[in-house]
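To keep things clear, I will list the structure first and then write my remarks on it.
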Amino acid sequence: MSERLPVVDRLIFLLFLIIIAVPFVTPMKLPLPISPSTRKVYEVVTGLKPGDAVLWVTDFTLSGWAEVAPGEIAILNLILDQCREKGVKLVLATTYSGESMAVVKRIYGKYLDFSGLKYGEDYVFLGWVPGYESALAGMASDLHATVKTDYYGTPLSEIPMMKSLRRKEDFALFGFSSSTSPDPYPRQWSGVPIVANILVATVGWLMPYVEKGIVVAYVAGIKGGAELEYLMGKPGMAMGLITAQSLAHFYGVALVIVANIYYFGFARREKG
Amino acid sequence: MSMLKRIEIPLILYAAVSIFLIFEYFTGIGKGAATEIIGWGILLSVFSYLIGYIALLRYHILKISKREEGWPYSIIILICFIVSFVAGRVHKPTFDYIFANILTPLQISMLSYVGFYTYTIFFRGARTRNLYAALLLAVSVVIMLWQAPAARAFLPALGPIGEWIKNVPNTGAMRAVMIGIGLGLITLFLRTLLGYEKSFLGGE
């Protein structure tokens with residue numbers, strides 16, 4: 001028979017559950033200051049010029065869904081707005097794994113607004129290009145040699161917008177969403193302005209590339225996604241989650257304080 | 001057969017391909033051939049999935065046949081594997097249904113489960129036992145609040161402090177880690193090139 005959790009743990013779990021459930025039951029509006037990195041993403045994407053091309057790689061799995069998907073959806077919808085308004089071209093792909101391909105299908109099919117856009121002229125979906133970093137390297141040096149057909153089996157040479165998109169120099173912007181190491185992307189696509197959508201935990205990993213200007217801007221976690229949705233004026237998944245996240249962080253800090261008061265006030269005295 | 005088993009052949013292949021790719025990267029000469037080689041790499045990576053499938057099947061079939069501890073779970077794994085594999089190739093709607101209604105909630109639940117235990121750690125582990133622990137805890141609390149937009153709105157000073165922690169000590173440490181990894185990779189490359197590193201050939 002399995003052991004029951006101690007009462008304190010059960011209390012902590014119960015309070016946590018209540019705290020994150022509150023914003024979903026009673027909508028609360030907490031302030032949302034915009035961080036400089038998210039503002040930069042917004043400026044870079046809205047600064048795209050007519051005819052510019054963007055390659056976006058969606059490389060995360062379901063374990064990163066809660067943190068990475070909101071930012072991915074917000075950025076891609078912002079790029080799609082540029083496609084509609086300015087004639088920006090968008091190429092979509094995934095290189096990470098079969099699971100990331102399933103994530104892609106879910107996001108593209110359910111959360112992105114392709115209305116008013118024509119497939120093959122405004123956007124193209126390359127599908128899963130296996131190989132991860134090898135695939136990124138191949139697409140950077142010769143896209144047509146690495147990927148022969150799009151997701152639907154049409155040769156790239158027969159797709160109108162792909163005729164002028166052959167290597168990384170032909171793209172005005174490269175973007176990626178990743179729930180693991182962000183290293184391979186700047187390593188293979190440096191030279192093209194890069195925008196990243198990553199986990200908060202991997203921001204540190206990305207910072208040396210940001211500092212060198214290889215990655216021009218990034219969105220991190222639910223917070224970044226919510227900030228971008230706010231800038232776009234289109235509340236979505238991230239803004240729905242951010243209040244719960246804020247409350248959960250407050251709860252974490254409160255637990256740390258309570259733990260230390262208990263430790264210094266009672267536990268140590270009892271030991272002495 | 002013995003000729004194929006000799007380690008010199010894969011080592012020569014490795015050395016030739018690596019040196020050529022480095023040469024192409026720095027000179028731009030032989031771009032077409034380099035792209036072709038990268039394409040071969042992509043093809044090989046697809047075959048690694050096949051090896052994974054075979055290894056998974058072999059491991060669990062052996063476990064069931066020997067009635068090793070936890071063998072009934074292996075039956076569940078095999079059934080899940082076969083159903084998803086067949087659905088993915090024969091009936092896409094079933095595969096999409098499995099993905100959306102079984103795999104997605106399970107994976108997200110697994111991660112959320114970890115979240116609950118993180119909060120127990122806040123209570124049980126986050127204690128200022130000495131100066132270093134206090135420093136680590138203080139930074140963690142600042143970062144946690146900085147990541148909560150509402151806290152930044154009420155305490156504007158959190159913005160610059162959080163940005164400073166991210167941009168200066170954090171980036172400095174990560175840069176050192178990255179340089180360390182880079183040096184390690186160069187060492188590994190040279191060891192492999194000189195034949196000291198044989199683990200990728202099945203040696204020790």
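The values are calculated or read from the model by the stated rules, or taken from the named source; none is laboratory data. This structure is a prediction, so every number in the text was calculated from the model and none was measured. Note that each Cβ is placed from the backbone with ideal geometry, even for glycine, and that neighbours are counted across all protein chains shown.
Need the failing condition index for B:T171 against (1) in contact with an Asp or Glu (Cβ under 7 Å, 6 or more places away or on another chain); (2) within 21 Å of A:G225 (Cα to Cα), just the number.
So the condition that B:T171 fails would be (2).
May I ask you to say which residue of B:F85, B:F23, B:F81 is more than 30 Å from A:A145 (Cα to Cα) and surrounded by 12 or more Cβ atoms within 10 Å (Cβ to Cβ)?
Working: B:F85 fails: more than 30 Å from A:A145 (Cα to Cα); B:F23 fails: more than 30 Å from A:A145 (Cα to Cα).
B:F81 is the lone residue from the list that is more than 30 Å from A:A145 (Cα to Cα) and surrounded by 12 or more Cβ atoms within 10 Å (Cβ to Cβ).
Scan B:I161, B:I102 and give me the residue that is surrounded by 11 or more Cβ atoms within 10 Å (Cβ to Cβ), under 26 Å from A:G64 (Cβ atoms) and among the β-branched types (V, I, T).
Working: B:I161 fails: under 26 Å from A:G64 (Cβ atoms).
That would be B:I102, the only listed residue that is surrounded by 11 or more Cβ atoms within 10 Å (Cβ to Cβ), under 26 Å from A:G64 (Cβ atoms) and among the β-branched types (V, I, T).
Could you say which residue among A:F24, A:F60, A:F13 is aromatic (F, W, Y) and assigned by TED's automatic domain parsing to the domain that holds A:P186? Let's see the steps before the verdict.
Working: A:F24 fails: assigned by TED's automatic domain parsing to the domain that holds A:P186; A:F13 fails: assigned by TED's automatic domain parsing to the domain that holds A:P186.
Going through A:F24, A:F60, A:F13 in turn, the sole match is A:F60.
Please go through the stretch B:153-196 and pick out each residue that is within 11 Å of chain A (Cβ to nearest Cβ) and not in a helix (DSSP H, G or I).
Selection gives B:L155, B:P156.
Suppose we keep only residues that are of a type in the set (A, V, I, L, M) and at pLDDT below 95 within the stretch A:171-200. Which one would you say is farthest from A:N77 (Cα to Cα)? Quick ask: steps written out before the conclusion?
Step one: of the stretch A:171-200, the residues of a type in the set (A, V, I, L, M) are A:172-173, A:192, A:194-196, A:198-200.
Narrowing further to those that are at pLDDT below 95: A:199-200.
Details: A:L199: 19, A:V200: 21 Å.
Among residues in the stretch A:171-200 that are of a type in the set (A, V, I, L, M) and at pLDDT below 95, the one farthest from A:N77 (Cα to Cα) is A:V200.
Confirm whether A:K223 is closer than 22 Å to B:A176 by Cα and either within 9 Å of chain B (Cβ to nearest Cβ) or over 18 Å from the mean Cα position of the chain (by Cα) (or both). Let's see the steps before the verdict.
Working: closer than 22 Å to B:A176 by Cα: no; either within 9 Å of chain B (Cβ to nearest Cβ) or over 18 Å from the mean Cα position of the chain (by Cα) (or both): yes.
When the stated conditions are applied, A:K223 does not pass them.
Quick one: count up the residues across the stretch B:130-154 that are out of contact with any helix residue (DSSP H, G or I) (no Cβ under 7 Å at 6 or more places or on another chain) and either free of Cβ contacts under 8 Å to residues at least 12 places away in the same chain or buried (at least 16 other Cβ atoms within 10 Å of the Cβ) (or both). Can you show your working first?
First pass over the stretch B:130-154, keeping only residues out of contact with any helix residue (DSSP H, G or I) (no Cβ under 7 Å at 6 or more places or on another chain): B:130-136, B:138, B:140, B:153-154.
Still in the running and either free of Cβ contacts under 8 Å to residues at least 12 places away in the same chain or buried (at least 16 other Cβ atoms within 10 Å of the Cβ) (or both): B:130-136, B:138, B:153-154.
Adding up the residues that qualify gives 10.
Condition first: within 14 Å of chain B (Cβ to nearest Cβ), of a type outside the set (A, V, I, L, M, F, W, C) and touching a residue at least 40 places away in the same chain (Cβ under 8 Å). Can you find one or more residues in the stretch A:105-113 that meet it?
Just the residues of the stretch A:105-113 that are within 14 Å of chain B (Cβ to nearest Cβ), to begin with: A:105-111.
Next, from what is left, pick out any that are of a type outside the set (A, V, I, L, M, F, W, C): A:105-106, A:108-111.
Now drop any that are not touching a residue at least 40 places away in the same chain (Cβ under 8 Å), which leaves A:111.
Yes, the stretch A:105-113 has at least one match.
Checking B:I51 against (1) under 23 Å from B:L193 (Cβ atoms); (2) without any contact (Cβ under 8 Å) to a residue 12 or more places away in the chain; (3) part of a helix (DSSP H, G or I); (4) more than 12 Å from chain A (Cβ to nearest Cβ), which single condition isn't satisfied?
Just one mismatch for B:I51, condition (1).
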